[in-house]
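The values are calculated or read from the model by the stated rules, or taken from the named source; none is laboratory data. Since this is a predicted model, take the numbers as computed values, not measurements. Cβ placement follows ideal geometry from the backbone for every residue including glycine, while neighbour counts extend to all protein chains displayed.
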């Protein structure tokens with residue numbers, strides 16, 4: 001078979017390389033027909049096959065005591081106690097959001113919810129990690145994405161409780177939209193999407209199938225260019241109402257034993273869901289008949305049906321003979337369901353159009369056949385170094401604080417999260433705005449903490465260390481609620497890995513993630529990789545490995561929040577500070593430069609400080625706790641005041657040499673928290689800190705309505721709030 | 001007192017209302033399906049929050065035609081307690097059980113945040129456990145919650161004392177700054193003339209336990225539960 005017989009235009013359309021085509025022909029011992037080529041094209045896309053990242057991803061730790069389900073399923077699952085499992089995953093929807101922000105973001109939310117539903121879990125929370133170019137220039141992306149997330153999440157009735165938003169020039173043409181969903185299921189009702197049992201029926205449920213989203217997965221696997229807006233038809237349109245009905249029907253379904261498995265139809269639609277479901281059972285295959293698929297429009301070809309990415313659909317594997325039970329459940333919710341095929345034991349996916357076979361491909365060729373790509377890796381030029389001695393001294397810490405708090409990366413996110421319903425479900429115990437969100441598990445005293453984190457500027461300066469910071473910061477955010485970190489889901493957003501510097505970033509990032517997750521004992525149980533976040537010829541994004549983390553607290557009555565609560569409490573800095581100004585917000589905002597290395601990170605030390613905070617929280621010694629991160633100590637302290645509506649009075653800060661004053665106020669040394677403590681609890685806390693060998697230093701005392709360091713700054717809280725709350729107004 | 005909670009496709013506060021009624025108040029709970037033409041002996045029917053039928057046309061515009069709504073209308077005519085919360089308030093207006101309409105928030109954005117409400121009627125089955133002019137803290141979660149009515153309707157509502165809740169500041173002052181959505185006269189909730197059909201945009205079922213940030217909503221649920229007792233004793 002020579003390559004000439006397949007038109008190169010057609011190969012480009014399905015995003016396969018001539019080399020990949022040769023492998024297909026060799027394995028099949030015949031040329032694939034058009035339907036088969038399309039099916040292989042989507043499943044071998046980077047988005048579905050992970051062909052550039054798979055070898056690296058194997059280095060990530062995924063095992064742990066609490067892990068019930070690691071990577072490879074619709075979502076990961078960990079046991080959290082009292083017979084409950086938390087199911088969670090994060091996924092990117094960057095490319096669709098770049099060209100159609102509202103629907104791109106909305107369907108990203110819809111897709112990740114279905115992943116959690118497929119595990120038999122009821123989704124209880126959503127988080128979104130977002131990155132845009134600077135405002136007001138990127139307003140179109142920002143407004144559309146925020147509205148799309150709200151439009152979907154608010155309508156379906158799942159609270160959006162957390163996430164993050166950053167602005168940087170590198171995201172101007174390539175916004176990052178990562179959606180995370182967390183669900184709950186009884187451990188013994190956790191489902192897996194495995195097509196077990198020859199002869200069992202395959203039912204397609206939910207929305208009818210249309211032509212929308214064809215080649216969406218392939219589109220997500222190439223760089224954006226001027227013609228990308230022509231790909232708008234590859235972006236699907238979400239229907240959150242339909243998904244709400246689908247969600248409730250699937251919850252009813254999970255109560256019966258008529259169902260073997262449920263699988264989401266996401267990227268690559270029917271093709272990937274059937275292949276993946278069968279691929280998880282050795283030797284299993286499937287037969288489906290496209291003529292049985294309920295359609296939204298006339299004239300659809302088998303190719304269209306197999307590649308459609310119409311939203312709000314699920315594949316259900318049903319015990320043979322019990323199809324009518326399933327049908328009845330969907331009828332209650334006025335949803336369509338149809339038997340479209342069955343499970344076989346021939347290891348092939350055979351597609352019929354009535355009696356005619358239109359495609360027949362080995363399952364393993366579809367799911368595991370894409371040749372892994374070995375890419376060149378080159379370290380780029382190191383980032384410009386930072387010479388602290390040449391930095392002008394800090395003149396007015398108060399003015400610097402106001403500018404930092406008003407900067408787009410540090411200001412209040414309330415204008416965003418008040419557009420999201422974050423309360424529905426009656427479980428949100430710690431609402432957005434603090435460190436991690438905390439939701440109670442109804443009927444128990446358990447609290448589930450959740451957060452997403454990534455400082456991409458650190459990752460840009462040092463991808464390995466930056467990735468470690470992302471894990472460490474997520475863990476600190478969890479700990480700041482009093483919960484212990486449990487497990488991670490990650491979303492790796494990168495530029496084009498064919499460029500050796502980008503592949504090097506990917507390698508370094510994964511090494512950093514692996515090291516930090518091992519050290520902090522948080523396995524990665526699910527995740528997603530989004531590559532090709534470049535625009536032709538222009539900018540590449542910073543490496544952006546978003547870490548979604550969950551944690552658990554045994555009694556949510558013992559939770560901690562960031563805001564100062566009581567007048568006259570001691571306000572303390574836990575952990576020691578160094579001259580860590582490299583890559584800091586202070587450097588960017590006040591000196592207009594991104595330089596140096598991110599702060600050094602001692603992972604063992606992180607663990608120790610976290611354990612101290614958790615022990616103190618458990619003993620009831622702390623009144624509040626807040627992670628000290630972007631913007632440094634003074635920004636964190638101001639946030640404690642803003643969130644609690646209470647000021648703080650401190651003596652002048654006189655750091656001991658070699659610590660500089662600017663670094664003491666605004667340096668971003670990790671492993672630090674700001675806590676407040678009732679005066680009578682001080683001796684116990686001091687003893688506990690000594691036992692953990694952690695330095696604690698007294699900053700001042702809570703109370704009043706100013707933030708004050710004697711002789712250095714004195715600002716009314718109202719003025720600070722004004723700066724903080726208007727940072728996103730343009 | 002038996003509470004009925006209506007479930008339309010797209011409703012999501014059904015489970016939250018159910019949780020408060022069953023687990024917090026400890027009253028009898030019956031879910032009512034939108035296709036049912038039977039209120040199953042409930043004494044108070046709640047139309048909860050959500051996006052009934054997706055609310056794609058106009059909030060509540062489809063829901064008012066649900067089979068269960070026929071029964072709800074007749075139940076209200078007989079004097080039964082009907083309580084519309086958020087989407088339920090929108091549906092009651094569409095169904096003509098309450099006057100006026102809920103239009104898009106003045107900000108043109110969805111708003112999920114805490115508000116203060118001044119309680120202006122305490123002689124009702126829904127508010128008897130509140131003090132006169134008490135300020136309660138209750139969150140909202142809506143994109144179309146701006147109360148609108150013709151001037152004549154509005155002045156009739158005011159004359160009859162049919163405004164039950166008004167958005168106010170923490171000190172109880174009804175000021176423009178406390179109005180989260182542009183509602184006329186800061187209206188957050190109204191009652192029909194007879195006093196048995198209440199519509200309100202804020203969500204009392206989201207603030208009936210202290211761990212959720214406040215428990216003022218419980219006063220409303222307890223008022224209704226206690227009302228049942230009063231009827232029984234009389």
Review point. Would you say residue B:232 is at pLDDT below 95, more than 16 Å from residue B:124 (Cα to Cα), surrounded by fewer than 20 Cβ atoms within 10 Å (Cβ to Cβ) and more than 14 Å from chain A (Cβ to nearest Cβ)?
Key: yes
Exercise for review: Determine whether the stretch B:166-186 contains at least one residue that is within 14 Å of chain A (Cβ to nearest Cβ), touching a helix residue (DSSP H, G or I) at 6+ places or on another chain (Cβ under 9 Å) and in a helix (DSSP H, G or I).
Suggested key: no
Revision key, fill the gap. Within the stretch B:36-53, residues within 14 Å of chain A (Cβ to nearest Cβ) and surrounded by 19 or more Cβ atoms within 10 Å (Cβ to Cβ) come out as B:48, B:49, B:50, B:51, B:52, B:53
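Taking the conditions exactly as written (outside any helix (DSSP H, G or I) and in contact with a helix residue (DSSP H, G or I) (Cβ under 6 Å, 6 or more places away or on another chain)), does residue A:238 satisfy them or not?
Numbers: outside any helix (DSSP H, G or I): yes; in contact with a helix residue (DSSP H, G or I) (Cβ under 6 Å, 6 or more places away or on another chain): yes.
Judged against the criteria, residue A:238 is a match.
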Practice item. Would you be able to say whether some residue in the stretch A:643-661 is part of a strand (DSSP E or B), modelled with pLDDT of 95 or more, in contact with a strand residue (DSSP E or B) (Cβ under 6 Å, 6 or more places away or on another chain) and surrounded by fewer than 23 Cβ atoms within 10 Å (Cβ to Cβ)? Key: yes
Point to revise | Residue check, residue A:138 more than 28 Å from residue A:245 (Cβ to Cβ) and in contact with a strand residue (DSSP E or B) (Cβ under 7 Å, 6 or more places away or on another chain) | key: yes
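Please indicate, with yes or no, whether at least one residue in the stretch B:6-18 is assigned to a helix (DSSP H, G or I) and either farther than 28 Å from residue A:162 by Cβ or away from chain A (no Cβ under 14 Å) (or both). Give the steps one after another, and end with the answer.
Here is the first cut: in the stretch B:6-18, the ones assigned to a helix (DSSP H, G or I) are B:14-18.
When the remaining residues are screened for being either farther than 28 Å from residue A:162 by Cβ or away from chain A (no Cβ under 14 Å) (or both), the result is none.
Looking through the stretch B:6-18, none of the residues is assigned to a helix (DSSP H, G or I) and either farther than 28 Å from residue A:162 by Cβ or away from chain A (no Cβ under 14 Å) (or both).
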Practice item. Answer with yes or no whether residue A:304 is more than 23 Å from the chain's Cα centre (by Cα), within 30 Å of residue A:144 (Cα to Cα) and more than 14 Å from every other protein chain (Cβ to nearest Cβ). Key: yes
Exercise for review: Can you give me the ranges of the helices (runs of 4 or more DSSP H) entirely in the stretch A:408-499 with at least 3 residues that are buried (at least 24 other Cβ atoms within 10 Å of the Cβ) and touching a strand residue (DSSP E or B) at 6+ places or on another chain (Cβ under 6 Å)?
Suggested key: A:463-479
Practice item. Check the stretch A:191-201 and report whether any residue there is under 25 Å from the mean Cα position of the chain (by Cα), part of a strand (DSSP E or B) and at pLDDT 95 or above. Key: no
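Condition first: free of Cβ contacts under 8 Å to residues at least 24 places away in the same chain and either more than 14 Å from chain A (Cβ to nearest Cβ) or touching a strand residue (DSSP E or B) at 6+ places or on another chain (Cβ under 9 Å) (or both). Can you find one or more residues in the stretch B:75-93 that meet it?
First pass over the stretch B:75-93, keeping only residues free of Cβ contacts under 8 Å to residues at least 24 places away in the same chain: B:77-78.
Next cut, either more than 14 Å from chain A (Cβ to nearest Cβ) or touching a strand residue (DSSP E or B) at 6+ places or on another chain (Cβ under 9 Å) (or both) only: B:77-78.
Looking for residues that are free of Cβ contacts under 8 Å to residues at least 24 places away in the same chain and either more than 14 Å from chain A (Cβ to nearest Cβ) or touching a strand residue (DSSP E or B) at 6+ places or on another chain (Cβ under 9 Å) (or both), one finds at least one in the stretch B:75-93, hence yes.
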Review point. Among the residues of the stretch A:690-714, which ones are more than 30 Å from residue A:395 (Cα to Cα), under 35 Å from the mean Cα position of the chain (by Cα) and surrounded by fewer than 19 Cβ atoms within 10 Å (Cβ to Cβ)?
Key: A:692, A:693
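Within the stretch A:547-570, is even one residue part of a strand (DSSP E or B), in contact (Cβ under 8 Å) with a residue 60 or more places away in the chain, touching a strand residue (DSSP E or B) at 6+ places or on another chain (Cβ under 9 Å) and surrounded by fewer than 21 Cβ atoms within 10 Å (Cβ to Cβ)? If you could, list the steps in order and put the result at the bottom.
Applying the first criterion (part of a strand (DSSP E or B)) to the stretch A:547-570 yields A:547-553, A:570.
Checking the rest, the ones that are also in contact (Cβ under 8 Å) with a residue 60 or more places away in the chain come to A:547-553, A:570.
Filter once more, keeping what is touching a strand residue (DSSP E or B) at 6+ places or on another chain (Cβ under 9 Å): A:547-553, A:570.
Now narrow it down to the ones that are surrounded by fewer than 21 Cβ atoms within 10 Å (Cβ to Cβ): A:570.
Yes, that holds for at least one residue.
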Exercise for review: Inspect all residues belonging to the stretch A:50-69 and state whether any of them is surrounded by 24 or more Cβ atoms within 10 Å (Cβ to Cβ) and closer than 23 Å to residue A:235 by Cα.
Suggested key: no
Check your understanding: Could you list, in sequence order, the residues of the stretch B:107-144 that are farther than 22 Å from residue B:207 by Cβ and more than 14 Å from every other protein chain (Cβ to nearest Cβ)?
Key -> B:123
Exercise for review: Output the residues belonging to the stretch B:190-223 that are within 14 Å of chain A (Cβ to nearest Cβ), surrounded by 24 or more Cβ atoms within 10 Å (Cβ to Cβ) and outside any helix (DSSP H, G or I).
Suggested key: B:201, B:202, B:203, B:207, B:208
Review point. Can residue B:31 be described as surrounded by fewer than 21 Cβ atoms within 10 Å (Cβ to Cβ) and in contact with a strand residue (DSSP E or B) (Cβ under 8 Å, 6 or more places away or on another chain)?
Key: yes
Practice item. Go through A:316, A:351, A:339 for me and flag whichever is more than 30 Å from residue A:52 (Cβ to Cβ), outside any helix (DSSP H, G or I) and over 33 Å from the mean Cα position of the chain (by Cα). Key: A:339
